[in-house]
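Student: Can you read through this structure? Questions will come right after.
The values are calculated or read from the model by the stated rules, or taken from the named source; none is laboratory data. These figures come from a predicted structure and were not determined experimentally. Positions of Cβ are backbone-derived with ideal geometry, glycine not excepted, and every protein chain shown enters the neighbour counts. All accessible areas refer to the heavy atoms of the entire protein, side chains included, with ligands and DNA or RNA removed. Shrake-Rupley method; radii C 1.70, N 1.55, O 1.52, S 1.80 Å.
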Amino acid sequence: MEALARGVTNCRICRDAPDGPPLPHEPRPVVRLSRTARLAICGQAPGTRVHATGLPFNDPSGDRLRDWMGIDREIFYDVSRLAIVPMGFCFPGQDAKGGDLPPRRECVSAWHDRLFAAMPQLELVLAIGQYAQAYHLGPLRRRSMTETVAAWREIMAGSSKPAILPLPHPSWRNTGWLKKNQWFEAEILPILRAEVARLTGR
């Protein structure tokens, strides 16, 4: 685990041997691996604030995610209880409109299979957003993110250890989606909070 963590921290593939255009800034991988955590958060990629601080979900999206989970920052950042493995480890840069680019593809091909193989104790993965769902769900993924999240019961039942719970991204840009799909908060959040409490020993 320590060797893997050092490898990720020192990774510069997207700058030195990229799959496409190189990362436009110095890489700063943000990952939290754990030998003991039974719960893992698997989102998209760091944003600008996370890139600046090196602390995952240290932004309004993280505040909303912690509210969804029913935990505070102390539990969220306790690496003994919670692992965080985004699809892209570094801030990918922004497009012409100021939006974040997709996660870098190099991370998955170089690291993800090995990282999850090193954490066999995981019981639940929160697959946040379409990129995490594409990797973790495979054929269980539906045609859209909304359909995938709506099929959470079948997905949790159909995924082997660890179980996978698909979630939308907690970005404030998804506020309209949450208002339109009120079943998410009514149906999924009670299950999410119960599972988080069980797996983090809260």
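Student: Once you wrap a convex hull around the alpha carbon atoms of the chain, what is its projected area averaged over all directions, in nm²? It would help to have the intermediate numbers written out before the result.
Tutor: Numbers: hull surface 43.7 nm².
Mean projected area of the Cα convex hull: 10.9 nm².
Student: Note down the magnitude of the dipole of the stretch 54-101 about its Cα centre, charges +1 on Lys and Arg C-beta and -1 on Asp and Glu C-beta and zero elsewhere, to the nearest 20 debye. Walk me through the numbers before you get to the answer.
Tutor: Numbers: 5 positive and 8 negative charges, 16 e Å.
The dipole of the stretch 54-101 has a size of about 80 debye.
Student: At 1.306 mPa s and 10 °C, plugging the Kirkwood radius over alpha-carbon pairs of the stretch 20-63 into Stokes-Einstein gives what diffusion coefficient in µm²/s?
Tutor: The diffusion coefficient I find is 131 µm²/s.
Student: Also, quick follow-up: Taking the Cα centre as origin and putting +1 on Lys and Arg beta-carbons and -1 on Asp and Glu beta-carbons, what dipole magnitude results for the stretch 109-202, to the nearest 20 debye? Don't jump to the answer; show the numbers that get you there.
Tutor: Details: 12 positive and 7 negative charges, 34 e Å.
Dipole magnitude for the stretch 109-202 comes out near 160 debye.
Student: Would you please give the residues with an amide H less than 5 Å from that of Ile164, counting only those at least 5 places away or on a separate chain, with H modeled from the backbone geometry?
Tutor: The list, which skips near neighbours in sequence, is Val125, Ser159.
Student: Given a 1.4 angstrom probe, what's the average accessible area per residue across the chain, in square angstrom? Intermediate results must be reported in sequence, preceding the final value.
Tutor: Numbers: 9700 Å² over 202 residues.
For the chain, the per-residue accessible area is 48 Å².
Student: Could you sort 103-109, 155-161 so that the peptide with the highest average Cβ count within 10 Å comes first and the rest follow in order?
Tutor: Working: 103-109: 19.6, 155-161: 13.6.
Order by mean packing, descending: 103-109, 155-161.
Student: Quickly estimate the mean residue ellipticity at 222 nm for the chain, helices only: each DSSP H run with n ≥ 4 gives -39500 (n - 2.57), and the total goes over all residues, rounded to 500. Before the final figure, lay out the partial values.
Tutor: Values: 11 runs with 77 residues, N = 202.
The helix contribution divided over the chain gives -9500 deg cm²/dmol.
Student: Also, I was wondering about something else. Please state the charge dipole magnitude for the stretch 55-139, taken about the Cα centre, from unit charges on C-beta atoms (+1 on K and R, -1 on D and E), reported in debye and rounded to the nearest 20.
Tutor: Working: 8 positive and 11 negative charges, 43 e Å.
The dipole of the stretch 55-139 has a size of about 200 debye.
Student: Follow-up. Report the one residue of Gly93, Gly129, Ile188 whose Cα lies farthest in the direction of the positive end of the charge dipole of the chain (charges on C-beta: Lys and Arg +1, Asp and Glu -1; origin at the Cα centre).
Tutor: My answer, from the dipole projection, is Ile188.
Student: Just to check I understand the Karplus step: with θ = phi - 60° and J = 6.51 cos²θ - 1.76 cosθ + 1.60, what whole-Hz values come out for the stretch 173-184, glycine and proline as x?
Tutor: With the stated coefficients, the stretch 173-184 comes to 5, 8, 4, x, 4, 5, 5, 6, 10, 5, 4, 4 Hz.
Student: Go ahead and set up a Gaussian network model of the chain, Cα springs under 10 Å, then flag whichever of Gln121, Gln44, Gln182 fluctuates most.
Tutor: Sorting by GNM fluctuation, first place goes to Gln182.
Student: Residues of the stretch 178-202 with backbone nitrogen within less than 12 Å of a virtual label 7 Å along the Cα-to-Cβ line of Thr36, please, listed as ranges.
Tutor: What the label zone holds, given the 12 Å backbone N cut-off, is 201.
Student: Please name whichever of Leu167, Leu82, Ala45 sits farthest to the positive end of the charge dipole of the chain, dipole taken about the Cα centre and charges placed at Cβ: Lys and Arg +1, Asp and Glu -1.
Tutor: Of the options given, the answer is Leu167.
Student: For the chain, what % of the accessible area comes from carbon and sulfur atoms, probe 1.4 Å?
Tutor: Numbers: 5050 of 9700 Å².
Roughly 52 percent, rounded to a whole number.
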